[in-house]
Amino acid sequence: MTHLAKFLGATAALALSAGAALADPALIFDLGGKFDKSFNESAHNGATRWAEETGNSYAEVELQSDAQREQALRRFAEAGNNPIVTVGFSFMTPLEEIAGDYPETNFVIIDGVVDQPNVRSVVFNEHEGSYLVGQMAAMASESGTIGFIGGMDIPLIRKFACGYAQGAKAVNPDITVLSNMTGTTPAAWNDPVKGSELTKAQISQGADVVYAAAGGTGIGVLQTAADEGKLSIGVDSNQNYLQPGSVLTSMVKRVDNAVYDAFQAGENIETGFYVMGVDNEGVGIAVDEHNEALVTEEMTAAVEDAKAKIASGEIEVHDYMSDEGCPSLDF
Amino acid sequence: MQRMPQWADVVLIPLISLLLAALLSALVILAIGENPWAALKLMVDGSMGSTYAWGYTLYYATNFIFTGLAVAIAIHARLFNIGGEGQAMLGGLGVALVALYIPWPHWTLAILGGAVGAALFGAAWAFIPAWLQAKRGSHIVITTIMFNFIAAALLNYLLIGALKPSGSMEPATGRFPEATHLPTFQDMFSTAETALFRGAPVNVSFFVALLACVAVWALIWRTRLGYEIRAFGQSESAAKYAGISPTRIIVVTMLMSGGLAGMMAINNVMGEAERLVLNAVEGAGFIGIAVALMGRSHPFGVLLAALLFGFLYQGGAELALWTSIPRELIVVIQALVILFTGALDNMVRMPLEAMFLRLRPAPKPARKTEPAE
């Protein structure tokens, strides 16, 4: 599409305003921006994959400020975009407020729950995926100490840490799990320098595998682990390629699948509560040419075994957010 | 010495600066392969083309009026308050406490209570730098900017601790009770058939901002205190000789400045978000500096400059929504305007002054009734 055509499309969208449906889906990124190599980028990948496969187009926007969340939602809804996919729990409050104003439009929120008839709430069982990588970390560790580095200290991230510790302890009950959070504000999602410092601190305490669940901060964790000759675990997107040979695996959260599915379903998307877990490939581990040398057969066997047991309910991974507590790790 | 007619100073210089900024922005947009004319049209359309668009432009403008007035009033006393950001953050805290912990029967009372709370907290945040400047000579620029960081840290601390409802992921307070919700323009001006300002955040605090403009004008040019402030700003030693206490002027001016910055919170916290979120001010405190400089520290000028910046903000958001111009470049465009109108003032002023000097023998242009210092 040429730029001119894009502009014509844009002005047309403005002129049409309410009423006429363009029916292009729309995607609204969170403040981190679409190239965060992690959560938002995964959503971006899902959208581009859909666009390439179907040849259709979609609208998207990166926000500059909190006030623009509601604005972007309303603008896309009024322009007839449908469904409108929002990425991140920060959209819960604005979506709660405006969903009722646009009953004809369907919305999707990823990582949050909004109880409205025209909203699909997609949540991931991150604790299950973290359990799997926790097992692998415990098997790869020679020192008997592994680390976890979270981004902003919120219940969601503790959920990652808790599942990770439970998985590790299922393999080796005596293992030590170190856990640190980068900060308490959204800036903690994008502070690779601090991530690197925390990694050094954990390595000096004996950790030889470090799991980063910290958005852009994780880049620093992966980098430092590679520099120090230790292993790391990526998150959200497949980050194995970032430090080939030193990233043990990535706990992939298929945000891209969630976006792809929503776009594919189109305007008549089924709304309601959607859980993406191990059983429906919502979370899992990434194995590719960058880490296959690190993943042993026992690891693969253990992961496959755990996957089956989690899906059947034989293993129950504790969800931190269910009771704000964690039996396998102290924060 | 007056080298230039007043109208040139007030109208011509900002206009030329704006044109230069627009020209440079057009080049930037051209360089990334977009059409600058279409972008401009989109910005104008998206910020002034409908009541909805005006609703956002005026919402942003309300923020900038408050912070612009805050900087302007301090400039009259030759104090450079760049702590508007922190003072507005604290104002937000004041509003949140007032709205959350006092049961208000009606919004008319709540907005008064909120304004008082916001102004008190903002003023209190400006008091310490003011006192340090008056008594210890600690430079106000340094102390106010440091206080911005302290304010940010304080709000972080409160919003992840005491003020956050348990179980919530976001660093934010709970929602304010229904009775404190301010009427938006949509509530005020929509009729049953036509919805005006649909969904736009502009609310009744815009009128409070207009009142504040009038109040600041009256204070500076129609009261004894205003005269003292201006006298102190013109020459501290002369003011002292005339019996004006520098300590009193510095402290009182800064209290008013901080109070005005704090009052921005009735717009963004009470009127828009209806809860206090982290980083609620979003740079409006710093924009206030540009607004005051461009408005020549006159309340009417501040109003116009605030509208311009409201246009830039809302237009920028529209660009992000409907074009593939990345958001970083939109910030660049906004920054270019600030650079030209604020920092590069002399670049336009000096050649203009030289030009007027050469034209001097010619009859002086009639003095306009344009308001000026």
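Here, each number is a calculation from the coordinates, and none is a lab measurement. For clarity, every value in this text was computed on a predicted model and none was experimentally measured. No Cβ is skipped: glycine too gets one built from the backbone with ideal geometry, and neighbour counts run over all protein chains shown.
Summary table
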{"read-out": "Tensor-based shape of the protein assembly as shown (alpha-carbon gyration tensor, a/c under 1.5 rounded, otherwise prolate or oblate)", "value": "prolate"}
{"read-out": "Cα-based equivalent ellipsoid of region B:1-47: semi-axis lengths in Å, sorted from largest, via gyration tensor", "value": "31, 13, 5"}
{"read-out": "For chain B, size of Cβ-based charge dipole, Lys and Arg +1, Asp and Glu -1, in debye", "value": "1340"}
{"read-out": "Under the Karplus curve 6.51 cos²θ - 1.76 cosθ + 1.60, θ = phi - 60°, whole-Hz ³J(HN,Hα) for region A:72-77, x wherever Gly or Pro sits", "value": "5, 4, 5, 4, 5, 5"}
{"read-out": "Footprinting exposure proxy for A:C162, B:C213 (fewest neighbouring C-beta atoms within 10 Å first)", "value": "B:C213, A:C162"}
{"read-out": "Relative contact order (%) - chain B, alpha-carbon pairs under 8 angstrom, separation at least six", "value": "35"}
{"read-out": "Cysteines without a disulfide-compatible partner [the protein assembly as shown; Cβ-Cβ under 4.7 Å]", "value": "B:C213"}
{"read-out": "Calculated FRET value between A:D115 and B:L19, using beta carbons and R₀ = 41 Å, to 0.05", "value": "0.20"}
{"read-out": "Links that overshoot a 25 Å alpha carbon limit, given the list A:K34/B:K164; B:K135/B:K240; A:K34/A:K309", "value": "A:K34/B:K164; A:K34/A:K309"}
{"read-out": "Computed label-point distance, nm, for sites B:I32 and B:W221 using a 7 Å Cα→Cβ extension", "value": "4.1"}
{"read-out": "Value of [θ]222 nm, deg cm²/dmol, for the protein assembly as shown, DSSP H segments ≥ 4, -39500 (n - 2.57) each, nearest 500", "value": "-17500 deg cm²/dmol"}
{"read-out": "Potential extension, B:M48-B:V331 segment - 0.36 nm per residue separation minus Cα distance", "value": "99.9 nm"}
{"read-out": "Length-normalised contact order for region B:33-165 - Cα pairs under 8 Å, 6+ apart - percent", "value": "25"}
{"read-out": "Separation between Cα centres of region A:237-275 and region B:217-233, rounded to whole Å", "value": "62"}
{"read-out": "Those GluC sites (Glu not before Pro) in region A:84-152 that DSSP places in a loop and that have at most 14 other beta carbons within 10 Å", "value": "A:E104, A:E142"}
{"read-out": "Dipole magnitude of region B:222-373 about its Cα centre (Cβ charges: Lys, Arg +1; Asp, Glu -1), debye to nearest 20", "value": "820"}
{"read-out": "Cα-based radius of gyration of region A:54-141 once divided by 2.2 N^0.38 Å, which approximates compact folds", "value": "1.38"}
{"read-out": "Length gained when the stretch B:E178-B:V116 is fully extended (0.36 nm per residue, less Cα-Cα span)", "value": "20.4 nm"}
{"read-out": "Footprinting exposure proxy for B:W37, B:W125, B:W107 (fewest neighbouring C-beta atoms within 10 Å first)", "value": "B:W37, B:W107, B:W125"}
{"read-out": "Leading residue at positive end of dipole, the protein assembly as shown (Cβ point charges), from B:V95, A:P244, A:Y164", "value": "B:V95"}
{"read-out": "Span per principal axis, largest first, for the Cα atoms of region B:162-237 (Å)", "value": "57, 44, 18"}
{"read-out": "Where only alpha carbons of region A:214-331 are counted, the Rg and the Dmax (Å)", "value": "16.6, 51"}
{"read-out": "Dipole axis of region A:70-195 (+1 Lys, Arg; -1 Asp, Glu on Cβ), positive-most option in A:P117, A:G147, A:L95", "value": "A:G147"}
{"read-out": "Amide H partners (placed H, <5 Å) of B:L276, local residues excluded", "value": "B:T173"}
{"read-out": "Residues with amide H under 5 Å from that of B:R198, placed H, sequence gap 5 or more", "value": "B:Y52"}
{"read-out": "Long-range amide H partners of A:A59 with built H, under 5 Å", "value": "A:A26, A:L27"}
{"read-out": "Inter-label distance for B:L211 and A:S57, nm, one decimal - labels placed 7 Å from Cα along Cα-to-Cβ", "value": "4.8"}
{"read-out": "Average Cα contact separation per residue, chain A, under 8 Å, 6 or more apart, as relative contact order %", "value": "19"}
{"read-out": "In Hz, Karplus ³J(HN,Hα) per residue of region A:123-136 (6.51, -1.76, 1.60; θ = phi - 60°; x = Gly, Pro)", "value": "10, 10, 8, 4, 5, 5, x, 5, 4, 4, 6, x, 4, 5"}
{"read-out": "Semi-axes of the equivalent ellipsoid for region B:61-299, Cα gyration tensor, largest first, Å", "value": "32, 21, 14"}
{"read-out": "Separation in nanometres of the label points that stand 7 Å from Cα toward Cβ, at B:R78 and A:E104", "value": "6.3"}
{"read-out": "Karplus-derived HN-Hα couplings along region A:218-228 (A = 6.51, B = -1.76, C = 1.60, θ = phi - 60°), whole Hz, x at Gly and Pro", "value": "x, 4, x, 5, 4, 4, 5, 4, 5, 4, 8"}
{"read-out": "Rh (Kirkwood; distinct C-alpha pairs) - region B:33-94, Å", "value": "14.1"}
{"read-out": "Computed magnitude of the charge dipole of the protein assembly as shown (debye, nearest 20; Cβ of K, R +1, Cβ of D, E -1)", "value": "4740"}
{"read-out": "Given charges at Cβ of Lys, Arg, Asp, Glu: chain B dipole, positive-most of B:I82, B:L30, B:T194", "value": "B:I82"}
{"read-out": "Tilt relative to chain A, helix A:39-54 - C-alpha long axis, 0 to 90 degrees, to 10", "value": "50"}
{"read-out": "Segment B:A195-B:S245, length gained on full extension (0.36 nm per residue, minus Cα span)", "value": "12.6 nm"}
{"read-out": "A:N280-A:E316 FRET efficiency (beta carbon distance; Förster radius 22 Å; 0.05 resolution)", "value": "0.80"}
